[in-house]
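First the structure, in the form of structure tokens, and then the observations on it.
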Amino acid sequence: LLSLGLPSIHQAIDVRYRYSVHFTADMFAPQNTLFRDILDQDGGDGPKQILCVVDRMVSRHHPNLVVSIDRYCQAHNLVLVAPPQVTDGDERVKNDPEQVIRLHRLIYELGLDRHSYVMAIGSGALLDMVGYAAATAHRGLRLIRVPTTVLSQADSGVGVKNGVNAFGTKNFVGTFAPPFAVVNDSNFLRTLPDREWRTGIAEAIKVALLKDPCFFTFLEAKAQRLLWRDMEAMQRVVYRCAQLHLEHIATSGDPFEFGSSRPLDFGHWAAHKLEQLSDYQLRHGEAVAVGLALDSTYSYLADLLSEDEWQRILRLISALGLAVYVPELGAHLADRGGRCCVLGGLDEFRQHLGGRLTIMLLEGIGRGIEVHQLDEDRIVRGIALLREYQAALGQGDAHGAVSERVFADPAAVG
Ligand SMILES: NC(=O)c1ccc[n+]([C@@H]2O[C@H](COP(=O)([O-])OP(=O)(O)OC[C@H]3O[C@@H](n4cnc5c(N)ncnc54)[C@H](O)[C@@H]3O)[C@@H](O)[C@H]2O)c1
Ligand SMILES: [Zn+2]
């Protein structure tokens, strides 16, 4: 009765996205034509209209930036529709709904349309917020990302996701929206605090572990230089990381994550929970480093990963100045049912993706393997191992003390 006897209409829509990630230094120097060329290639009549949003810390550390952008646009016949909007660049920008509304209002009042550009210059958090506002105004303006942290140049800024936090949940509201272009300007990295410099490298270790054993060896070889802030080494890390990331998006067959698996989220079920448990005092990359250490340890305890490779992973994380254990991981942090708090991250991870729990583990450096359940006792044993490792590091003896005891009898720990 209800079908009316009419056949269903089946429709497939193919949409092709194309965007480039560029690498340069000092992009608004008068003689650097990269940015102008990127816009020129977009065709269209008349001058290009740009709304620019700049991270407050970036503008503070690069006091000539705002003036340089203005001069550059004037010299190249680009229209800045308003003075660059200087905005907070840390997680607060994703927690405050007013920020998105303010940008929407500006876009509306300035009469921008789908052919206008929104250029975001700043940290991962700022890019996520501006990207979300740009993707939702008029159902999508052209977004130019200029990431200014290691993490965002290597990872978040080159991908297809944006979003803000809501109801206490990270990235609860957001869209998949590829940018118009990305410009990685290495000059910005010079002013990063040491902590930000280091934390960005965690995602590089992750992508090396999943996809590229040679890149892992490169990181081992350059660990000391990276710690000393060697810019050439860092540029190579950022480049390879961005390349692996983009390759994944382009070839994994699921750029918008319709499935239940998220291979690049290795170590992230614990990382997201640790960030939350620390009340966001832990930086994302710091939490990721611990998450990588935990899932690598689990892989070792599950006989997937060799002892030698497991040790190399912990050693590299530590050599890059990142911790493998933080108090938030502590088994003493239990929920009302007596379950270690961090384990709640597994439930939240499953909930965010929907469908069946899918966790990436390692069966070798450069070789990930997906599993659909984790043994909680084994995770807790892994946590105990990492606590010992970190404590021994504090006493200058990690690779000796822990491994001797652990390798003699892994079952004894935990
Ligand atoms: N969209 C994605 O796919 C994706 C992926 C991973 C992470 N993220 C998000 O990225 C965010 C983390 O990004 P982040 O690591 O860039 O940290 P962040 O956004 O917290 O920024 C760190 C701090 O560095 C400052 N800063 C930025 N550039 C600077 C510079 N050049 N010199 C001096 N200070 C500078 C910022 O103002 C901020 O205070 C999180 O919100 C995370 O959820 C998004
Ligand atoms: Zn991450």
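The values are calculated or read from the model by the stated rules, or taken from the named source; none is laboratory data. In this text, all values refer to a predicted model and were calculated from it rather than measured experimentally. With ideal geometry, Cβ positions are generated from the backbone for all residues, glycine too; neighbour counts draw on all protein chains shown. Ligands, DNA and RNA are stripped out before the accessible areas are found, and what is left, the full protein with its side chains, is counted by its heavy atoms. Shrake-Rupley method; radii C 1.70, N 1.55, O 1.52, S 1.80 Å.
Within the stretch 247-266, the residues that satisfy the criterion of being assigned to a helix (DSSP H, G or I) and open to solvent by 50 Å² or more (accessible area, probe 1.4 Å) are Glu247, Ala250, Thr251. Scanning the stretch 170-179 for residues that are touching a residue at least 40 places away in the same chain (Cβ under 8 Å) and open to solvent by 50 Å² or more (accessible area, probe 1.4 Å), we see that the one that is farthest from Asp42 (Cα to Cα) is Asn171. May I ask you to list the residues in the stretch 155-169 that are crowded, with 16+ Cβ neighbours inside 10 Å and part of a strand (DSSP E or B)? Matches in the stretch 155-169: Lys161, Val164, Asn165. Before we move on, is Asp26 at pLDDT 95 or above, open to solvent by 60 Å² or more (accessible area, probe 1.4 Å) and at positive phi? So Asp26 passes the test. Would a scan of the stretch 103-115 turn up a residue that is more than 16 Å from ligand 2 (Cβ to nearest atom), in contact (Cβ under 8 Å) with a residue 40 or more places away in the chain, in a helix (DSSP H, G or I) and surrounded by fewer than 19 Cβ atoms within 10 Å (Cβ to Cβ)? Among the residues of the stretch 103-115, at least one is more than 16 Å from ligand 2 (Cβ to nearest atom), in contact (Cβ under 8 Å) with a residue 40 or more places away in the chain, in a helix (DSSP H, G or I) and surrounded by fewer than 19 Cβ atoms within 10 Å (Cβ to Cβ), which makes the answer yes. Does Ala137 fit the bill of being touching a Phe, Trp or Tyr at 6+ places or on another chain (Cβ under 9 Å), in a helix (DSSP H, G or I) and aliphatic (A, V, I, L, M)? Judged against the criteria, Ala137 is a match.
Note on the stretch 36-74: among residues that are out of contact with any helix residue (DSSP H, G or I) (no Cβ under 9 Å at 6 or more places or on another chain) and of a type in the set (Asp, Glu), the one that is farthest from Leu110 (Cα to Cα) is Asp37.
Within the stretch 63-95, the set of residues being of a type outside the set (Ser, Thr, Tyr), closer than 18 Å to Ile144 by Cβ and not in a helix (DSSP H, G or I) comprises His76, Asn77, Leu78, Val79, Leu80, Val81, Ala82, Pro83, Pro84, Gln85, Val86, Gly89.
Going through the stretch 142-151 one residue at a time, which ones are buried (at least 24 other Cβ atoms within 10 Å of the Cβ), away from ligand 2 (no atom under 16 Å from the Cβ) and hydrophobic (A, V, I, L, M, F, W, C)? Those that are buried (at least 24 other Cβ atoms within 10 Å of the Cβ), away from ligand 2 (no atom under 16 Å from the Cβ) and hydrophobic (A, V, I, L, M, F, W, C): Leu143, Val146.
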